1. For the range 86-103, just list the computed ³J(HN,Hα) in residue order, Karplus coefficients 6.51, -1.76 and 1.60, θ = phi - 60°, integers in Hz, with x standing in for Gly and Pro.
2. Ranked by Cβ crowding within 10 angstrom, fewest neighbours first, how are Ser231, Ser156, Ser136 ordered?
3. Could you compute the net charge surrounding Lys258? Neighbours are other residues with a C-beta less than 9 Å from the C-beta of Lys258; K and R count +1, D and E count -1.
4. Taking a ≥ b ≥ c as the square roots of the eigenvalues of the Cα gyration tensor of the range 21-104, is the shape rounded (a/c under 1.5), prolate (a/b larger than b/c) or oblate?
5. Just add up the charged neighbours of Tyr172: K/R +1, D/E -1, any other residue whose Cβ is under 11 Å from the Cβ of Tyr172.
6. Counting pairs of alpha carbon atoms under 8 Å apart in space and at least six apart in sequence, what relative contact order in percent does the range 34-91 give?
7. Over the chain, what is the relative contact order in percent, taking alpha-carbon pairs closer than 8 angstrom and at least six residues apart?
8. Test of understanding: extend the Cα→C-beta vector of Ser273 to 7 Å, then name every residue of the range 9-45 with backbone N under 14 Å from that spot.
Amino acid sequence: MSLRNIIERNRNDIAFIVGNGINRYPNNPDAISWDHLLLKLWQKFAPDAFKGDRVPKGITLTEFYDLLDLSNAQLEPTQVYAIQKEAASIMNDWNFRPHHREFILKAIELNAPVLTTNFDMILPAAGNLEQYYMASKSFTDFYPWTTYYGLEQHVSPTDGFGVWYINGFVKYYRSIRLGLTHYMGCVERAREFLHKGENNPFNGKNQHEWRGFNTWLHIIFNKNLCIFGLSLEENEVFIRWLLIERARYFKKFPDRAKKGWYVASASANPDDSLEGKKMFMRSVGLEFIETANYDEIYDTPWR
């Protein structure tokens with residue numbers, strides 16, 4: 001099944017999770033990988049502590065960031081967020097390309113929510129979108145999970161199109177999640193939304209009363225999910241954990257179950273980790289879709 005087929009067959013109930021792959025296509029010189037972003041940060045904040053030109057094997061990217069953070073533990077209190085602020089600065093001037101706009105226009109046509117693990121403002125810029133708040137009183141720039149970019153105000157995150165940020169974004173540099181410590185904080189916060197105060201875990205995730213109703217978490221548990229442009233390697237502990245929790249929820253309430261797809265180019269999976277990734281996807285209810293090339297992910301499906 002192609003990505004275009006998935007979209008057409010599920011156009012009335014679909015949400016997208018988009019990663020940095022959409023920025024790096026097609027060989028975009030302005031966009032950088034997570035690896036290169038972290039190396040830039042090391043070069044600026046701890047050039048004497050690490051002089052390599054690549055992330056060492058045997059360490060995850062999230063751990064690599066935390067080690068950088070540790071090396072700057074002597075920073076003044078006012079500089080605690082200096083590394084995140086610099087990361088935001090690096091990405092602040094990135095511009096959208098034609099395929100970004102085609103994707104956003106298609107998502108608007110489908111009235112489909114878009115969640116992104118990226119930090120930049122490319123997708124909102126591509127659609128000339130405005131910022132909206134689901135619950136302004138509970139908004140925090142540290143976890144801006146109740147705000148999105150779209151064309152209109154929604155009552156529920158699943159009401160329609162909007163761009164939501166899973167890992168924070170450059171407008172609020174304190175929200176940017178780069179380290180394992182950051183991810184563990186996200187898991188802790190999400191767990192409070194998912195389970196706190198419930199005698200029956202998971203009950204109510206499709207109801208207005210649950211604590212995560214005004215956040216992008218509501219989309220995760222109540223829409224068919226199509227994931228692309230995201231490597232979902234082992235270091236993506238937060239979103240992997242959310243997918244496991246989503247699968248647990250559907251197992252407990254099978255009548256509420258939603259579909260899911262993980263789309264990747266066959267050329268993007270050259271090593272033996274593919275077997276484990278496919279097992280993970282299958283176990284959390286995601287169909288693994290391999291395309292012949294990147295055009296079938298970032299170009300043709302949105303035209």
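1. Once θ is set to phi - 60°, the couplings for the range 86-103 become 5, 4, 5, 5, 4, 9, 5, 9, 5, 10, 7, 10, x, 5, 4, 5, 4, 5 Hz.
2. Details: Ser231 18, Ser156 13, Ser136 10.
The order, fewest Cβ neighbours first, is Ser136, Ser156, Ser231.
3. Details: positive: Lys223, Arg246, Arg256, Lys259; negative: Asp13.
It works out to a net charge of +3.
4. Prolate, because a/c is 1.5 or more and a/b exceeds b/c.
5. Values: positive: Lys85, Lys171, Arg174; negative: Asp141.
Residues close to Tyr172 contribute a combined charge of +2.
6. On the way: 29 pairs, mean separation 23.3, N = 58.
Result for the range 34-91 is 40 percent.
7. Numbers: 452 pairs, mean separation 65.9, N = 303.
With pairs under 8 Å counted, the relative contact order is 22 percent.
8. Only 34-36 pass the distance filter.
Rule-based calculations on the coordinates, nothing more; no lab input. Predicted, not measured: the structure shown is a model, and the values here were computed from it. FYI the Cβ positions are ideal-geometry reconstructions off the backbone, even for glycines, and counts take in every protein chain you see.
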